[in-house]
Amino acid sequence: GKDIPNVIPAYSDAENMKHYFTQALGVREGNIIHLRDATKAQLTSILGSNEDHRGKLFNWTKPNVSKIYVYYVGHGAPAGDRRTAYLVPSDADSDTVQLTGYPLKQLYRNLGNIPAISITVILEACFSGQSQNGYLSRRTSGLSISPRMPTIPTKITVISAGAANQVASWEKDESQSLFTKYFLRGLSGEGDRQPYGDGNGKVALDELKKYLDGTMTYYARRYYGRDQKAQITVNGREISVVN
């Protein structure tokens, strides 16, 4: 977008996530909607608008049969007088994100109106207005802004790369984002092994949280001296673990 720095690992992250869903979970390619460099119009077409939640994703859903996973890799940002949290599409303008972004509140509300048996949102994004590649807005450069995060409907599970005021970190060579890398490793079995899991062959969300705390959080601190802790919210409650 205009004056907005690139999220360099985004393409790689998205391809790795798509590979996991098709190869490990057996999701058919035809059941995946993959938007690369998504515009606001494309996000609205798929996820619905403020006036009508019945976008393409709604139309694809089999009521009380489908399981929905939404993975977003890119920028998030606070904007407007209320510091509302937005997803930042590829055609957004850094000076008018409140007009050119896609509201996170709208995403959650529209997903909550879809009659799927489960809905999981995975956010490789932060909403502080900062990124590893620079600030999203010239007006917030050097400032830390606490975005106003929306309430998550009880039927939606949200797994995000960090707290609202934290930065989503990348590998030092910029090949991958730390959250997506260790999220996929954790779900692929590493999260079920000691000292994170119980070895029963399944990775529970509390095991995944403990694994991310021990890997992603550690490397963000080791590489950059910054705090980054994944957030997992289920039925309106955030999962916390004692390491």
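The values are calculated or read from the model by the stated rules, or taken from the named source; none is laboratory data. Since the model is a prediction, treat every value here as computed from it, not as a measurement. Ideal geometry is used to build each Cβ from the backbone, glycine not excepted, and the neighbour counts take in all protein chains shown. For the accessible areas, the whole protein counts, side chains as well, though only heavy atoms, and no ligand, DNA or RNA atoms are used. Shrake-Rupley method; radii C 1.70, N 1.55, O 1.52, S 1.80 Å.
Summary value for the stretch 181-225: 35 percent relative contact order, contacts being C-alpha pairs under 8 angstrom separated by 6+ residues. Dividing the mean sequence gap of close Cα pairs (under 8 Å, 6+ apart) by how many residues the stretch 141-194 holds gives a relative contact order of 21 percent.
Looking at the stretch 29-138, the GluC sites (Glu not before Pro) that sit in a DSSP loop and have at most 15 other Cβ atoms within 10 Å of their own Cβ are E51. Considering helices alone, the calculated mean residue ellipticity of the chain at 222 nm is -7000 deg cm²/dmol, with DSSP H runs of length four and up weighted by -39500 (n - 2.57) and normalised per residue.
For the chain, lysine pairs with C-alpha atoms less than 16 angstrom apart, excluding pairs fewer than eight positions apart on the same chain, total 15. Net charge in the neighbourhood of P153 (other residues with Cβ under 11 Å of its Cβ; Lys, Arg +1, Asp, Glu -1) is +3. Note that the stretch 102-107 has calculated 3J(HN,Hα) couplings of 10, x, 5, 4, 5, 4 Hz, one per residue in order, obtained from phi through the Karplus relation 6.51 cos²θ - 1.76 cosθ + 1.60 (θ = phi - 60°); glycine and proline are x.
In the context of the full protein assembly, F183 retains an accessible surface of approximately 10 Å², using a probe radius of 1.4 Å and ignoring ligands and nucleic acids. Considering only V73, W60, P9, and ranking their Cα positions along the charge dipole of the stretch 1-74 that arises from unit charges at the beta-carbon of Lys, Arg, Asp and Glu, the one farthest toward the positive end is W60. Counting only Cβ charges, +1 for Lys and Arg and -1 for Asp and Glu, the dipole size of the chain around its Cα centre is about 440 debye.
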